[in-house]
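Trainee: My questions all concern the structure below.
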Ligand code: ADP
């Protein structure tokens, strides 16, 4: 289904995302090679791309460098260049200092700056042009996430023949918050260039529809918004994980052995609690450490009886709010350990590091209580990964109501992370639950994640787009 025009290959199926699904690694002798990035999106989409002769268009991760299209792992990759200034203003600036906090309930104050907006628009234009060049006649183009919300309308203006889908991986905020954005109209119009706009939760879709009515005066009938002679569908498609891959990984003896070893290294505590997050202010890491610290302070639990392992992956370290957050979390960890630790037994084991999939899977298997307490989160894949790793039907999930995953994982120990007492209560309930209670909850959560895995997510989105 590849068409060729002027020697250039055009694809009938195109993914457009901020990043290509590969990372460059440099060997000791200086030779560079590409490695597929970890993560569910590429796992879900790679087979679809191979089936349909697709291509993936995105930035390759190095500023100020132009690269020719190349093949990797059976995928056609089309690099889009970004200058160092654009990385700062479009990516770190408008995407991560304006849209990210605004879309996550303004838990940090968004930066509104016209130069950042200009950079965002310019980069979106470049992506749209590149997509217009790469797409074959009547191709299906699937645009991903908040960095590229103007691409659907820009692309439609260039190529009205295309079928365009958009999926927002982060929350879409309530109208009252979105309203603050000086460029609210442009963003809504940008998204409406798509035939299908997908959200994580039904609430995101209805926020969007409500804004289209109020801001743009458009009419709708349920999920369908009428835009001139077109209709645009706004609908929820909750993303998921590769259940099968994780489920079989943790059945391998070396993962189980490593999980046992982790518990031994922690001093065989009765309860291992675990947090795994990017170090982000939306994740509620401080809230859960506060709750854990108070449980130690009021002697509900004793050091050595319960150990908290918090893994906080380095993230967006050039954005100021993230540097402050790191200081704040590390201060809190130090306080809890300083106040409640005994020699050789720190109550909190904190790591500002990345881990590979296998070590992460072993940690999930070693944890009695997985503590996932975001203040706002589009989905939260960590919660679903934990569930996928517990075929032993042990382990409790403490989960924030403010994560998209809470819509599906109703048998988690649900919490409001702003309510410290409630959080403490649920953490204790999770630690003290009977095996029977744990397996009852885990079985039901596993049924959900096994059925609605990431393949099903991609499949349902594309089926709706092509309907
Ligand atoms: P977000 O997309 O906001 O980072 P998610 O929970 O949806 O949050 O996804 C995070 C992904 O990153 C998960 O797949 C998780 O396994 C992975 N991850 C998180 N922390 C680490 C870490 N320290 N090392 C390796 N992978 C990590």
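The values are calculated or read from the model by the stated rules, or taken from the named source; none is laboratory data. Worth saying up front: this structure is predicted, and the values here are computed from it rather than measured. Note that each Cβ is placed from the backbone with ideal geometry, even for glycine, and that neighbours are counted across all protein chains shown.
Trainee: For the stretch 187-257, which strands (runs of 3 or more DSSP E) that fit wholly inside it have 1 or more residues that are surrounded by fewer than 19 Cβ atoms within 10 Å (Cβ to Cβ) and touching a residue at least 24 places away in the same chain (Cβ under 8 Å)?
Mentor: 224-227, 230-236
Trainee: Would you check if there is a residue in the stretch 251-267 being within 21 Å of residue 407 (Cβ to Cβ), out of contact with any strand residue (DSSP E or B) (no Cβ under 8 Å at 6 or more places or on another chain) and away from the ligand (no atom under 16 Å from the Cβ)?
Mentor: Filtering the stretch 251-267 down to residues within 21 Å of residue 407 (Cβ to Cβ) leaves none.
Taking every residue of the stretch 251-267 in turn, none turns out to be within 21 Å of residue 407 (Cβ to Cβ), out of contact with any strand residue (DSSP E or B) (no Cβ under 8 Å at 6 or more places or on another chain) and away from the ligand (no atom under 16 Å from the Cβ).
Trainee: So which of 369, 309, 345 ends up being within 14 Å of the ligand (Cβ to nearest atom), in contact with a strand residue (DSSP E or B) (Cβ under 8 Å, 6 or more places away or on another chain) and touching a residue at least 24 places away in the same chain (Cβ under 8 Å)?
Mentor: 309
Trainee: Restricting to the stretch 403-423, name every residue that is free of Cβ contacts under 8 Å to residues at least 60 places away in the same chain, out of contact with any helix residue (DSSP H, G or I) (no Cβ under 8 Å at 6 or more places or on another chain) and under 17 Å from residue 104 (Cβ atoms).
Mentor: Correct list: 406 only.
Trainee: Now, a different point. Tally the residues that are assigned to a loop (DSSP other than H, G, I, E, B), at pLDDT below 95 and touching a helix residue (DSSP H, G or I) at 6+ places or on another chain (Cβ under 8 Å), restricting the search to the stretch 289-305.
Mentor: Counting residues in the stretch 289-305 that are assigned to a loop (DSSP other than H, G, I, E, B), at pLDDT below 95 and touching a helix residue (DSSP H, G or I) at 6+ places or on another chain (Cβ under 8 Å) gives 1.
Trainee: Could you check how many residues of the stretch 322-348 are surrounded by fewer than 18 Cβ atoms within 10 Å (Cβ to Cβ) and under 25 Å from the mean Cα position of the chain (by Cα)?
Mentor: 6
Trainee: Can you report the number of residues in the stretch 1-38 which are part of a loop (DSSP other than H, G, I, E, B), surrounded by 11 or more Cβ atoms within 10 Å (Cβ to Cβ) and at pLDDT 90 or above?
Mentor: Total meeting the criteria: 2.
Trainee: Could you tell me whether any residue of the stretch 295-304 is buried (at least 16 other Cβ atoms within 10 Å of the Cβ) and within 16 Å of the ligand (Cβ to nearest atom)?
Mentor: No, that holds for no residue.
Trainee: Which of the numbered conditions does residue 378 fail, given that it passes all the others? Conditions: (1) at pLDDT 95 or above; (2) surrounded by 15 or more Cβ atoms within 10 Å (Cβ to Cβ); (3) away from the ligand (no atom under 14 Å from the Cβ).
Mentor: Failing condition for residue 378: (3).
Trainee: Next question. Kindly indicate whether any position in the stretch 441-455 is in contact with a strand residue (DSSP E or B) (Cβ under 7 Å, 6 or more places away or on another chain) and surrounded by fewer than 21 Cβ atoms within 10 Å (Cβ to Cβ).
Mentor: no
Trainee: Can you find a residue that is under 23 Å from the mean Cα position of the chain (by Cα), more than 16 Å from the ligand (Cβ to nearest atom) and in a helix (DSSP H, G or I) anywhere in the stretch 156-177?
Mentor: Checked the stretch 156-177: at least one residue is under 23 Å from the mean Cα position of the chain (by Cα), more than 16 Å from the ligand (Cβ to nearest atom) and in a helix (DSSP H, G or I).
Trainee: Would you confirm, using the coordinates I've provided, whether residue 173 is crowded, with 23+ Cβ neighbours inside 10 Å and touching a strand residue (DSSP E or B) at 6+ places or on another chain (Cβ under 8 Å)?
Mentor: So residue 173 does not fit the description; no.
Trainee: Could you please let me know if residue 274 is more than 15 Å from the ligand (Cβ to nearest atom), crowded, with 21+ Cβ neighbours inside 10 Å and either within 27 Å of the chain's Cα centre (by Cα) or assigned to a strand (DSSP E or B) (or both)?
Mentor: For residue 274, the condition - more than 15 Å from the ligand (Cβ to nearest atom), crowded, with 21+ Cβ neighbours inside 10 Å and either within 27 Å of the chain's Cα centre (by Cα) or assigned to a strand (DSSP E or B) (or both) - is not met.
Trainee: Applying the selection to the stretch 396-406, what residues are closer than 18 Å to residue 440 by Cα and either near the ligand (Cβ under 9 Å from one of its atoms) or surrounded by fewer than 24 Cβ atoms within 10 Å (Cβ to Cβ) (or both)?
Mentor: Of everything in the stretch 396-406, just one residue is closer than 18 Å to residue 440 by Cα and either near the ligand (Cβ under 9 Å from one of its atoms) or surrounded by fewer than 24 Cβ atoms within 10 Å (Cβ to Cβ) (or both), namely 406.
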